[in-house]
Each structure stands twice: as structure tokens, then as C-alpha cells.
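So the structure is just underneath, and the comments pick up after that.
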Amino acid sequence: MGLEGKRALVTGSTSGIGLAIARALHAEGAQVVLNGFGDEAEIAALCEELDAVHSAANLLDLAEIEAMMAEAGPLDILVNNAGMQFVSPVEDFPPEKWEAIIGLNLTAPFHTTRLAVPAMKQKGWGRIINTASAHSLTASPFKSAYNASKHGIAGFTKTIALELAQTGVTANCISPGYVWTSLIEGQIPDTMKARGLTREQVINDVLLAKQPTKKFVQPEEIGALAVFLCRQEAGNVTGANWSIDGGWTAE
Ligand code: NAD
């Protein structure tokens, strides 16, 4: 246990990677604020499991972000993790999907960060972790908005790391390769359509083809990395983009 007394907000933590990060932070003693959508009873069970509170804020709505940040109170740890994907050739890419992806993956972290930073600076301690992606370092076709948002969050993270370098507040990205979550499940049908492939071909020839290990990354592995970045020993780790991608971006 190393995060007792620390208050952490993890956006998009009702499923997938965010939930694994929330579980890992809770296991280290942090007090967790959950955020995200889902079944009410399941969210209530998660709150009980993690002794957490939940904000249902829609991060595409600035007023809801501001209300969530006010309710969460001064944070020690902010994990900007909520994200969405849409797969389509650029000429057919629905403009409203572009707006939503940039809004959730890039603009929402800007707002939560600007609202969290003053209290962190005042305490002289803080950890900002942004769930980016291997797609913050490299690209795949048909993911124009996602790749733009993830390259953007990587640049944003470096910028705030520099701004906060002498304040005790660090900012880093975690960049997973493919992790089996609802976000991946949801893009399979569109990828089948965009590339004219079967489901198995998408899994083996598109997704796992990228990862030299030929294995999906496990959400718990990302939770463990987030815990490391929150530790005292990681105080000099800032402005970094941590790949956890089975070797994808080494190629
Ligand atoms: P997921 O779909 O399991 O989780 C997404 C979370 O975001 C859920 O809690 C959902 O309720 C929440 N969310 C969605 N829209 C929201 C909104 N408007 N307001 C508030 N919350 C909202 O997906 P995941 O795979 O766990 O994705 C988490 C993050 O990891 C994303 O930023 C994603 O881009 C990134 N990522 C995922 C993978 C992967 O392979 N799964 C790889 C690299 C990066």
C-alpha cells in the first residue's frame, strides 16, 4: 500500500482499462472517484467493491465536467482515460463522430486537467496520467479522428509536464496496444466492413498482427503501470509516453 490518503479520479472507469486502473489504485489505498456510463446496479456494486463514489458526468458536456470536478474536490491523482473510437474511411467519416472523438479523447482531458492543477500545485504533489494509445505514436488507416486525438493527447501531456515540472506534479501517458475491451469489440464490425474481412481476420490479421507478442494486453497490466507512475519513486518520471503494446511500436 502506498497511496493512502490520495484522492483519485479515473474517467471512463465503469469498464475496461479505466476500471482496472481504479481497482489497482484502490488496492494501493487510494480513495477513488469513478466516472462513466453503464448499468446502475453494476455501478452501485462497483462503488461498494471499491468504496468509491461515482460521477455520471458526460465528458462531452463542459458543464457536467465542471460539476464533476467540483464534486470530486481537490484531487491528488487524475487519470484521463475515457475514450471512444470510430472506424471509417476519411471521406465517409461522419463529422459528428469526429467532433465526439476529439471532444472525449482530447478536449475533456484539457478541461479536467486545467480544473485539477491548481489544487495539485497548492499541495506540491500530483499525478496526471492520460490513457493515450499506440495510436499516439503511430497510425492505422480508417481511424483519422482517433489517431489525431491520441497524437494530440501525447503532445498535451508533454506540454503540461514541462509547465508543471517544478511543482511536484507529474504528467505522463500510458499507451496501450490492443486490449480486449468493449472499445475493441465495438470496432470489429466497422473494420470488417472497411476492409472487407471476417471477424477472425480482423482479430488475427489486423489487431494482433500489430503486436509481436500475438497477445492482447491485459487491463490489469495497465493498472500496475498506473500505480507505478503514482508512486513517490516515479517523481522524476514526467512527460513520458509509456508503451505497453506487446512490442508494436518497436517495429
Ligand atoms: P471501454 O469502452 O471499455 O471504456 C470506456 C469508458 O469510457 C467507459 O467507462 C465508458 O462508460 C466511458 N465513456 C464513454 N463515453 C463517455 C462520455 N461521453 N463521458 C464519460 N464517460 C464516457 O474502453 P477501453 O478500451 O477501456 O478504453 C479506455 C481508454 O483506453 C480509451 O481512452 C481508449 O482510447 C484507450 N485505449 C484502448 C485500447 C484498447 O485496445 N482497448 C488501446 C489503446 C488505448
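Taken together, the values in this text are just the output of simple stated rules run on the coordinates, not laboratory data. Since the structure is predicted, the reported quantities are computational estimates derived from the model, not experimental observations. All Cβ positions, glycine included, derive from the backbone under ideal geometry; neighbour counts span all protein chains shown.
What is the chain by shape, rounded, prolate or oblate, if you read a ≥ b ≥ c off the alpha carbon gyration tensor as root eigenvalues and call it rounded for a/c under 1.5, prolate for a/b larger than b/c, and oblate otherwise? Could the numbers behind the result be given before it?
On the way: a/c = 1.58, a/b = 1.50, b/c = 1.05.
It comes out prolate by the Cα gyration axes.
Report, in degrees rounded to the nearest 10, the 0 to 90 angle that the Cα long axis of helix 219-230 makes with the longest principal axis of the chain.
With both axes taken from Cα atoms, the answer is about 40 degrees.
Which lysines does LYS6 reach when only Cα atoms under 17 Å apart count, and residues fewer than 8 places away in its own chain are ignored?
Straight-distance partners of LYS6: LYS121, LYS123.
Relative contact order for the chain: what is it in percent, counting Cα pairs under 8 Å that are at least 6 residues apart? Spell out each step's value before the answer.
Details: 486 pairs, mean separation 52.9, N = 251.
The normalised contact order for the chain reaches 21 percent.
What distance in nm separates the two pseudo spin-label positions at ASP92 and ALA27, each 7 Å out from Cα along the beta-carbon direction?
Distance between the two pseudo-spin positions: 4.2 nm.
Go ahead and estimate [θ] at 222 nm for the chain from helices alone: -39,500 (n - 2.57) per DSSP H run with n ≥ 4, summed, over the residue count, rounded to 500. Write out the running numbers ahead of the final one.
Numbers: 8 runs with 104 residues, N = 251.
Helices in the chain give a 222 nm mean residue ellipticity of -13000 deg cm²/dmol.
With springs only between Cα atoms under 10 Å, which of ASP51, ASP76, ASP92 fluctuates most in a Gaussian network model of the chain?
Maximum fluctuation in the GNM of the chain, among the listed residues, is at ASP92.
Under a straight-distance cross-link criterion of Cα-Cα below 27 Å, which lysines are reachable from LYS97, leaving out those fewer than 8 residues away in the same chain?
Correct list for LYS97: LYS143, LYS150, LYS158, LYS193, LYS210.
As I understand it, the value is the acute angle between the Cα axis of helix 16-27 and the longest principal axis of the Cα atoms of the chain; what does it come to in degrees, rounded to 10?
With rounding to tens, the tilt is 30 degrees.
How charged is the neighbourhood of ALA139? Take every other residue with its Cβ under 12 Å from the Cβ of ALA139, and add Lys/Arg as +1 and Asp/Glu as -1.
Numbers: positive: LYS143, LYS150, LYS210; negative: none.
Overall, the nearby charge balance is +3.
Net charge near PRO212: determine it from the other residues with C-beta under 10 Å of the C-beta of PRO212, scoring Lys and Arg +1 and Asp and Glu -1.
Numbers: positive: LYS210, LYS214, LYS215; negative: ASP245, GLU251.
Result for the neighbourhood of PRO212: +1.
With an 8 Å Cα cut-off and a minimum separation of 6 or more residues, compute the relative contact order for region 1-126 in percent.
Working: 189 pairs, mean separation 32.4, N = 126.
After rounding, I find 26 percent.
Below 14 angstrom from the Cβ of TYR178, what's the summed charge of the other residues (Lys, Arg +1; Asp, Glu -1)?
Values: positive: LYS143, LYS150, LYS210, LYS214, LYS215; negative: GLU185, ASP205, GLU221, ASP245.
Combined, the nearby Lys, Arg, Asp and Glu give +1.
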